[in-house]
Amino acid sequence: MYALKLILRNALRHKLRTALTMLGIVIAVLAFGLLQTVVDAWYAGANAASDKRLITRNAISLVFPLPISYRDRLRQIDGIKSVSFANWFGGVYINERNFFPQFAVDPQTYFALYPEYKIAPEQLKAFLRDRRGCVVGRKLANLYGWKLGDVIPLRGTIYTGNWEFVVRAIYDGRDTSTDTAIFFFQWDYLNEAINRMYPRRANSVGVFVLQIDEADRAAEIARKVDATFKNSLAETLTETEKAFQLGFVSMTEAIVLAIRIVSFLVIFIIMAVMANTMAMSTRERLSEYATLKAIGFRPGFLLLLIFGESLIIALIAGTVGCLLTFPVARTFVAHTGTLFHVFNVSSQTILMQLGAAFVIGTVAAVVPSLRAARQGIAEGLRAIG
Amino acid sequence: MTVIVEARHLSKSYRRGEQLVPVLTDINLDIAEGEFLALMGPSGSGKSTLLNLIAGIDRPSAGSLRVQGLDIAALSESALAAWRAAAVGFIFQFYNLLPVLTAFENVELPLLLTPLTRRERREHVELALAMVGLADRAHHYPSELSGGQQQRVAIARAIITDPAILVADEPTGDLDRVSAADVLSLMNRLNTDLGKTIIMVTHDQRAARAARRIVHLDKGVLSDSDVEVETAVSH
């Protein structure tokens with residue numbers, strides 16, 4: 001208790017110095033948490049993937065479609081429980097800044113494969129009844145103020161022309177990691193228009209989504225699917241949904257790596273600042289530490305004082321930084337529109353932030369505490385703070 | 001009279017780069033229990049070094065040093081620290097109080113190394129502060145005390161564990177004349193009334209007169225002809 005009293009009073013001895021050091025740690029820990037959350041958001045799609053869903057696409061490139069006729073053959077393959085499909089639409093809502101994913105999907109099967117998209121049954125029925133209907137995520141609806149019955153115009157880029165859709169359903173996510181910024185509409189609506197405009201491009205899909213019985217058989221079933229279509233006009237590449245999502249992430253891996261590096265650099269910098277603060281404080285108190293040793297206190301007591309002071313400063317500031325991460329993350333994502341579909345500060349991020357604060361406090365105290373512990377008493381008594 | 005400090009052929013050198021600088025050379029000195037000894041000498045004569053060796057906060061390079069019959073140079077660091085906590089009270093020129101602790105808490109510090117309960121510690125501290133005339137300043141911080149008051153708090157801290165020896169390094173060096181006289185008077189009372197062995201380093205003739213014996217050091221060597229036994233002048 002006496003040690004704690006000394007630690008707290010020493011920490012508050014130079015209030016301005018301590019306050020500024022803590023402010024630096026708060027900002028550093030906050031920035032670290034925010035950057036780690038950005039990295040998590042990058043991987044959100046992959047992390048939310050189901051291990052019982054496979055994605056089959058054209059083996060050459062995702063840009064090339066697959067014939068819709070593959071569906072029936074896929075259904076025959078042992079281990080596949082259900083088959084659906086989707087086409088990337090890539091339209092523009094008002095202007096290019098309003099980016100969000102748009103998929104033309106098989107309305108009868110798609111949402112059964114994605115139970116994490118929670119749709120009210122009557123809304124799903126309304127969607128199924130309306131060929132022009134669309135299902136939008138809650139985040140999109142809130143962002144653009146869409147309500148049931150609203151007509152949403154999209155300007156096609158891959159499929160040129162002006163398209164109109166009617167909001168028939170708004171889906172919510174089953175949990176916070178579910179992406180609720182996606183726009184779905186009926187594949188038949190798209191296919192009819194393509195048939196009129198570009199008949200040779202009709203009756204093709206971007207990807208097939210396969211639901212399998214057992215996650216352990218994913219590799220085996222994927223091989224079977226690809227073997228089925230080997231040497232055909234459109235050979236397939238089948239992989240788990242997670243691997244498919246990670247394929248997109250890998251295209252921007254350099255950016256993710258840079259963000260990770262910056263997040264750790266921020267911690268390293270504040271560690272140096274904190275180390276300087278503790279070094280200054282210890283230098284000023286060398287004669288006090290020598291007096292304590294002269295009285296009979298062991299070097300371990302000095303280590304306790306210095307580490308204790310450093311850790312209290314770092315952990316209190318780190319905790320504040322963690323708490324501030326939540327409102328700052330909310331503000332950040334509110335200003336980035338749909339750039340990050342899922343942006344949650346995870347418990348792992350909070351643990352990493354607290355861990356970083358602990359490391360800052362510990363590392364900053366190492367050199368000053370060793371110096372104080374090792375310094376000779378007579379030499380320390382001569383020191384001028 | 002019992003000899004409490006016995007130094008034989010004591011030497012101390014410090015390494016300054018490649019050079020070995022001798023500070024004390026072949027010191028032979030006996031200090032009796034209950035004695036009030038002043039170590040005098042010009043700056044750099046080694047008097048503080050000798051005091052540090054006797055107090056166990058530095059180690060000799062050669063020779064033997066027995067305090068209370070114990071060869072303190074042979075003790076390990078932790079054993080030496082434990083010995084200091086029990087046997088030595090320190091009075092420094094600049095008081096060396098912890099500024100974040102009150103007078104009470106500063107005096108209580110050495111007692112934290114004892115098995116005394118909190119209540120027992122409080123009783124001891126109150127007694128020590130009363131002895132130095134600062135009972136009403138117990139909860140003041142050092143910054144709220146004058147130099148003389150701070151030195152009296154330091155003296156209370158030095159005597160709180162009832163040590164065998166009090167070592168004082170220029171205890172009046174930072175005080176005005178009146179405060180210095182008060183401090184020396186207090187030290188004199190500790191010696192005459194409580195029988196404390198006091199070893200004091202000073203370059204102040206007035207302070208030296210409070211002691212019963214004055215020993216002179218010059219260039220690290222005891223001046224045999226200057227080992228004097230003088231009657232203490234009470235202030």
Those residues of segment A:85-109 which are surrounded by 17 or more Cβ atoms within 10 Å (Cβ to Cβ) and farther than 18 Å from A:HIS341 by Cβ, in sequence order: A:PHE85, A:ASN87, A:ALA104, A:ASP106, A:PRO107
From A:ALA290, A:ALA294, A:ALA334, residue being assigned to a helix (DSSP H, G or I) and more than 14 Å from chain B (Cβ to nearest Cβ): A:ALA334
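Quick grid of which residues meet (1) among the charged types (D, E, K, R); (2) free of Cβ contacts under 8 Å to residues at least 12 places away in the same chain:
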{"position": "B:ILE4", "(1), (2)": "no, no"}
{"position": "B:GLY17", "(1), (2)": "no, yes"}
{"position": "B:VAL21", "(1), (2)": "no, yes"}
{"position": "B:THR25", "(1), (2)": "no, no"}
{"position": "B:SER43", "(1), (2)": "no, no"}
{"position": "B:GLY46", "(1), (2)": "no, no"}
{"position": "B:ASP58", "(1), (2)": "yes, no"}
{"position": "B:VAL67", "(1), (2)": "no, no"}
{"position": "B:ALA74", "(1), (2)": "no, yes"}
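Condition check ((1) facing chain A (nearest Cβ under 10 Å); (2) within 20 Å of the chain's Cα centre (by Cα); (3) part of a loop (DSSP other than H, G, I, E, B); (4) at pLDDT below 95) across all residues:
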{"site": "B:LEU98", "(1), (2), (3), (4)": "yes, yes, yes, no"}
{"site": "B:PRO110", "(1), (2), (3), (4)": "yes, yes, no, no"}
{"site": "B:ARG119", "(1), (2), (3), (4)": "no, no, no, no"}
{"site": "B:HIS139", "(1), (2), (3), (4)": "no, no, yes, no"}
{"site": "B:GLY148", "(1), (2), (3), (4)": "no, yes, no, yes"}
{"site": "B:ARG157", "(1), (2), (3), (4)": "yes, yes, no, no"}
Out of A:PHE244, A:PHE307, sole residue that is at pLDDT below 95, in a helix (DSSP H, G or I) and buried (at least 17 other Cβ atoms within 10 Å of the Cβ): A:PHE244
Criterion (free of Cβ contacts under 8 Å to residues at least 40 places away in the same chain and part of a helix (DSSP H, G or I)) met by exactly one of A:ALA41, A:ALA19: A:ALA19
Residue count for segment A:143-168, restricted to those that are exposed (fewer than 13 other Cβ atoms within 10 Å of the Cβ) and part of a strand (DSSP E or B): 5
Filtering segment B:38-65 down to residues that are in a strand (DSSP E or B) and surrounded by fewer than 21 Cβ atoms within 10 Å (Cβ to Cβ), which residue is farthest from the other protein chains (Cβ to nearest Cβ)? B:SER64
Candidate set: segment B:66-96, residues that are more than 7 Å from chain A (Cβ to nearest Cβ) and on the phi > 0 side of the Ramachandran plot; chosen: the one surrounded by the fewest Cβ atoms within 10 Å (Cβ to Cβ): B:GLY69
Quickly run through segment A:178-194 and pick out the residues that are outside any strand (DSSP E or B) and either touching a helix residue (DSSP H, G or I) at 6+ places or on another chain (Cβ under 6 Å) or hydrophobic (A, V, I, L, M, F, W, C) (or both). A:THR180, A:ALA181, A:ILE182, A:TRP187, A:LEU190, A:ALA193, A:ILE194
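If you check A:GLY361, A:GLY355, which single one turns out to be in a helix (DSSP H, G or I), at pLDDT 95 or above, outside the structural domain of A:ASP172 (by TED's automatic domain parsing) and surrounded by 20 or more Cβ atoms within 10 Å (Cβ to Cβ)?
Of A:GLY361, A:GLY355, the one residue that is in a helix (DSSP H, G or I), at pLDDT 95 or above, outside the structural domain of A:ASP172 (by TED's automatic domain parsing) and surrounded by 20 or more Cβ atoms within 10 Å (Cβ to Cβ) is A:GLY361.
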Give me a count of the residues in segment A:298-320 that are within 14 Å of chain B (Cβ to nearest Cβ) and of a type in the set (Phe, Trp, Tyr). 1
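The values are calculated or read from the model by the stated rules, or taken from the named source; none is laboratory data. What you are looking at is a predicted structure, and each value in this text was computed from that prediction instead of being measured. Heads up, the Cβs are rebuilt from the backbone with ideal geometry, glycines too, and the neighbour counts pull from every protein chain shown.
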